[in-house]
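Data first, discussion second: the structure below is written as structure tokens.
The values are calculated or read from the model by the stated rules, or taken from the named source; none is laboratory data. For clarity, every value in this text was computed on a predicted model and none was experimentally measured. A quick note on method: Cβ atoms are made from the backbone with ideal geometry, for glycine too, and the neighbour counts reach across all protein chains shown. Side chains are part of the model used for accessible areas, which takes the heavy atoms of the whole protein and leaves out ligands, DNA and RNA. Shrake-Rupley method; radii C 1.70, N 1.55, O 1.52, S 1.80 Å.
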Amino acid sequence: FAKIGNSAIKTVYAFPVSIAGKAPAGLVPMGTWIIGEAVITPPSVTPPSVTSVTPAAGQGSSQAFALTVNDPSGASDLATVQLLIGTSNANTSACSVTYLAQQGRFGLLNDAGTAYAGYVTPGQALTASNSQCTLSGSGSSVQTSGNSMTMTVNLQFTDGFAGSGGSATKSVYALPVN
């Protein structure tokens with residue numbers, strides 16, 4: 001038997017037999033059991049994924065972006081969801097908004113990308129700004145359904161952001177986290 005410290009790992013087998021007498025050729029391994037010291041093995045977790053962002057392309061000084069993510073463990077399992085608009089996926093000199101699920105609000109990162117410049121609650125008439133954009137609570141929302149969450153952020157970009165990084169063209173990045 002395999003041992004971990006003062007414990008032993010045992011395999012759990014099953015032998016299902018139908019009413020008609022049909023059964024597998026032998027015992028079927030179903031999992032493991034640890035006898036002795038408790039050893040906790042985390043379950044395999046499928047990370048959340050990005051489903052879509054709309055619009056995926058466009059132009060203008062203001063836009064409401066809708067980001068939809070999926071978490072196989074349920075939308076309530078999401079801790080944060082980040083939407084970043086910039087010349088790269090770096091938090092510096094970007095318009096980076098994070099939904100903080102436990103707090104039920106959005107945070108806009110400061111210019112250095114090291115702390116939040118401010119927070120807004122979805123649907124409320126508050127704003128938060130950095131040198132790249134202003135996030136407005138009005139027109140911003142979060143909706144969940146089953147495994148999916150859609151966050152909509154209402155953004156207005158600064159004139160200076162259009163020229164930062166040598167181009168007015170910016171990329172949109174997203175990162176959901178359990």
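All of (1) surrounded by 13 or more Cβ atoms within 10 Å (Cβ to Cβ); (2) closer than 21 Å to Ser62 by Cα; (3) free of Cβ contacts under 8 Å to residues at least 24 places away in the same chain hold for Gly163 with one exception: (1).
Comparison of Ser138, Ser96 shows that the only residue that is part of a strand (DSSP E or B) and surrounded by fewer than 16 Cβ atoms within 10 Å (Cβ to Cβ) is Ser138.
Filtering the stretch 65-74 to residues that are open to solvent by less than 10 Å² (accessible area, probe 1.4 Å) and either under 16 Å from Ala117 (Cα atoms) or outside any loop (DSSP other than H, G, I, E, B) (or both) leaves Leu67, Val69. When the residues of the stretch 75-87 are filtered to those that are part of a loop (DSSP other than H, G, I, E, B) and under 18 Å from the mean Cα position of the chain (by Cα), the one that is surrounded by the most Cβ atoms within 10 Å (Cβ to Cβ) is Leu78.
Taking the stated definitions as given, is Ala90 under 17 Å from Ser171 (Cβ atoms), open to solvent by 20 Å² or more (accessible area, probe 1.4 Å), touching a Gly at 6+ places or on another chain (Cβ under 8 Å) and among the hydrophobic types (A, V, I, L, M, F, W, C)? Yes: the conditions hold for Ala90.
If the condition is being aliphatic (A, V, I, L, M), assigned to a strand (DSSP E or B) and over 13 Å from Tyr173 (Cβ atoms), then the stretch 99-110 contributes Leu100, Leu108. Scan the stretch 111-127 residue by residue and report those that are open to solvent by 40 Å² or more (accessible area, probe 1.4 Å) and not in a strand (DSSP E or B). Selection gives Asp111, Ala112, Thr114, Ala115, Thr121, Gly123, Gln124, Ala125, Leu126.
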